[in-house]
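The values are calculated or read from the model by the stated rules, or taken from the named source; none is laboratory data. These numbers come from a predicted model, not from an experiment. Neighbour counts are summed over all protein chains in view; Cβ atoms, including those assigned to glycine, are modelled from backbone coordinates with ideal geometry.
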Amino acid sequence: MSKYSRSNATFKNYAVSLGIIVAIVLAMAFVVATRSGEHIPSVDYRPDLRVVEEAADYPVAAPSPQLEEQGWTPTSTTVAVDGPVEWSVGFATAEDSHVMFTQSDGDPDDVVAERARGAEPAGNVSVGTREWEHLTSADWSALVLREEDRTLVVAGPADLDELAHFANGLELTGESAES
């Protein structure tokens, strides 16, 4: 039978136990501190952009490379070429929100209804040299540019300034820019 009891414990035993606990807590704090930086996975939307440029009968707009230099991160991309040619690309904004850019030659009302998520008209916003429709709801905003051959929608929970900044960062690509 053991002769050890709590009554004969020494300060040394308490100090060793406390040291072990402090070492574990410091190791946990170190792991948490080194992993706390947010990592947003990035996607390369350029392959989908090339598909849209080949399939579309309209001038194709794409986000300017300067947006990525300003801290905007492309997070998703989808393209549809069966039926209306439609391309959507999502971005995490520099202010940790989200923006989805869609361009399509589908029915403008259908495109806007799908991407604006029930947001109601709130007037117009000047972005660069163009007037965009502004739609808003409690948690969603959209800027819409209806053109003869395509509809552009910049939408998301981001604030109006970020939506306008993104819309201003769109530029025509490839053959679209040359014509």
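To keep it simple, each residue is scored yes or no on (1) crowded, with 18+ Cβ neighbours inside 10 Å; (2) under 18 Å from Val153 (Cβ atoms); (3) out of contact with any Gly (no Cβ under 8 Å at 6 or more places or on another chain).
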{"residue": "Val51", "(1), (2), (3)": "no, no, yes"}
{"residue": "Ala55", "(1), (2), (3)": "no, no, yes"}
{"residue": "Ala62", "(1), (2), (3)": "yes, yes, yes"}
{"residue": "Leu67", "(1), (2), (3)": "yes, yes, no"}
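Of everything in region 113-164 that is surrounded by fewer than 13 Cβ atoms within 10 Å (Cβ to Cβ) and of a type in the set (A, V, I, L, M), the residue that is farthest from Ser88 (Cα to Cα) is Ala138.
Residues Ala167, Ala142, Ala122: which one is modelled with pLDDT of 95 or more, within 20 Å of Val52 (Cα to Cα) and not basic (Lys, Arg)?
Numbers: Ala142 fails: within 20 Å of Val52 (Cα to Cα); Ala122 fails: within 20 Å of Val52 (Cα to Cα).
Checking each option against the conditions leaves just Ala167.
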